[in-house]
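Take a look at the structure set out below.
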Amino acid sequence: MSQNTRPKWARILLIVGRIALAAIFLIAGYAKLKPQFAMLWSVGSVRTSLSMFAMQVDSYQMLPPWAVNAVAHVLPFFELFLGLWLLTGIALRFSSILSVLAFCAFMTAIASAYHRGLGINCGCGIGPVEQVGPGALIRDGLKFLPLALAVTFGSFWIRRKPAPNAVTVPEAAPSTQS
Amino acid sequence: MKSKPLARCVPAMVTIAAMTILALALALPAAAQAQTSAPTKPATSSATKTTHPTASVNTATPAGAPVKTYGSSTAPITMEVFTDYECPSCRNLFEGTLRPMIADYVANGKVYLIHHDFPLPMHKHGYEAARWANAAARVGQFQNVEAALYDNQNYWGTDGNIAKYVSAAMSPAEFQRVQKLMVGCEDQTTAAVTSPSLKNAAQTTHSCALDSYIEKDRALGMTIPVNSTPTYVISYKGQRLPAGSGVVSWPILKQFFDSLLSQ
């Protein structure tokens, strides 16, 4: 298999990278679903948490209420799904591309809110409550997005079929066309 | 090795989706167990509640602190809002969200709304407007004046003639009482608004009696902390949520309140 032609350290690095990336999405998804106040986990508590997340999505003032609800009710589960997908390593190229697109979408929303002068909470779910602005953009743009890009490039590089001229067995070289 | 087509990954995707559901199912009881042993958060807005113990609509307390609240303090949900009267987002929040909320959920005893002043130095007349609102609150006319200030923000924000809109929001007799409370405050407005920071503004305006109420609100806001206006803090049965900021539309806020009330 082509994976075996890559150095072991590269494969280990890719595993570490995708686990870190998976952790980001799992933590973000969990933070949006966990019970607020002192509620116990229940369908009602999840509904309350999603309603609260909807308020954060709404404060970006980018979507109509129906779309706010759609995003708020889908995004946390999508983040959990993507986190688990990355964790399994199945079809890593696709999951990592999806993670890059997700970070690009988050950064676009944050940059848009910052550009419009909205002093709102990021609602990112990772770390302490943070306002949209340079801090959130730097975190996503200089930490998370590069990690996602590195995992994406790594996944393609690991899976890439070696070029024919990379095979160093003269006898096995293909003959030229007559 | 040739890459698999995406269609061949469908079973794997289904497996991951199933794992997501399974992980949630496993995490829920475990987390519930953890929650039962976790200490509950202390209610930090109790100080505010004691400041406004009566909290009924249009309650006048001329001799005491200004009442800047809507509804009953026994409501299960308390919403504290830190705003600047000259801030456009605060106006949008009031007009689009708080006004329908007051007419519905506050009137029906579901929500107790508390206003806190948080004038920003970038707004030329915001501090003066807060003084007028506090003076009006002292004579039980806060709600009318708050509405008048937001309704006419574009006008007094330009010419600074706040008194014109305050006077239109109440009877002449009540306005006279408000004017008496404003004696010694209007001439200091320039010093307040030209200060480079809110801290300096507070230092230069201590002789205006109404400023103590504004500074008290601002000090409370600093503990939240309020980084921008509008900022709101929602408490449910004594448990306080992390502060939110910005404009939230009424349908989305109502949905959140409904989810809380259905617990």
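Descriptive notes on the structure:
- Checking A:Lys8 against (1) out of contact with any Ser or Thr (no Cβ under 7 Å at 6 or more places or on another chain); (2) at the interface with chain B (Cβ under 9 Å from one of its Cβ atoms), the condition it does not meet: (2)
- Test: residue in region A:59-81 that is in contact with a strand residue (DSSP E or B) (Cβ under 6 Å, 6 or more places away or on another chain) and free of Cβ contacts under 8 Å to residues at least 60 places away in the same chain: no
- Qualifying residues in region B:97-150 (those that are without any contact (Cβ under 8 Å) to a residue 60 or more places away in the chain and part of a strand (DSSP E or B)) - the one nearest to B:Thr231 (Cα to Cα): B:His115
- Cβ-Cβ contacts under 7 Å between residues 6 or more apart (or on different chains), taken from a first residue in region A:30-49 that is at the interface with chain B (Cβ under 7 Å from one of its Cβ atoms) to a second residue that is crowded, with 17+ Cβ neighbours inside 10 Å and of a type in the set (Phe, Trp, Tyr), are listed as A:Pro35/A:Trp41; A:Phe37/B:Tyr236.
- Selection count, region B:235-254, where residues are in a helix (DSSP H, G or I) and under 24 Å from B:Ser73 (Cβ atoms): 3
- Any hit, region B:196-213, residues being surrounded by fewer than 22 Cβ atoms within 10 Å (Cβ to Cβ), among the polar types (S, T, N, Q) and modelled with pLDDT of 85 or more: yes
- Looking across region B:204-255, the residues that are at the interface with chain A (Cβ under 9 Å from one of its Cβ atoms) and free of Cβ contacts under 8 Å to residues at least 12 places away in the same chain come down to B:Leu241, B:Pro242, B:Pro251, B:Ile252, B:Gln255.
- Exactly one residue out of A:Ala23, A:Ala31, A:Ala10 is in a helix (DSSP H, G or I) and closer than 22 Å to B:Ser245 by Cα: that is A:Ala31.
- Test: residue in region A:153-173 that is assigned to a helix (DSSP H, G or I), modelled with pLDDT of 90 or more and buried (at least 18 other Cβ atoms within 10 Å of the Cβ): yes
- Hits in region A:73-132 (condition: closer than 21 Å to A:Ala23 by Cβ and either at the interface with chain B (Cβ under 8 Å from one of its Cβ atoms) or assigned to a strand (DSSP E or B) (or both)): A:Phe77, A:Leu80, A:Phe81, A:Leu84, A:Trp85, A:Thr88, A:Ile90, A:Ala91, A:Arg93, A:Phe94, A:Val129
- Count - residues of region A:42-59 that are surrounded by fewer than 22 Cβ atoms within 10 Å (Cβ to Cβ) and either part of a loop (DSSP other than H, G, I, E, B) or of a type in the set (Phe, Trp, Tyr) (or both): 1
- Among the residues making up region B:123-156, those that are within 20 Å of B:Leu93 (Cβ to Cβ) and polar (S, T, N, Q) are B:Asn134, B:Gln143, B:Asn144, B:Asn152, B:Gln153, B:Asn154.
- Here A:Ile90 passes the criteria (1) touching a helix residue (DSSP H, G or I) at 6+ places or on another chain (Cβ under 7 Å); (2) touching a residue at least 12 places away in the same chain (Cβ under 8 Å) except the one numbered (2).
The values are calculated or read from the model by the stated rules, or taken from the named source; none is laboratory data. What you see is a predicted model; the values in this text were computed from it and never measured. In this analysis, Cβ positions are derived from the backbone assuming ideal geometry, glycine residues included, and neighbour counts consider all displayed protein chains.
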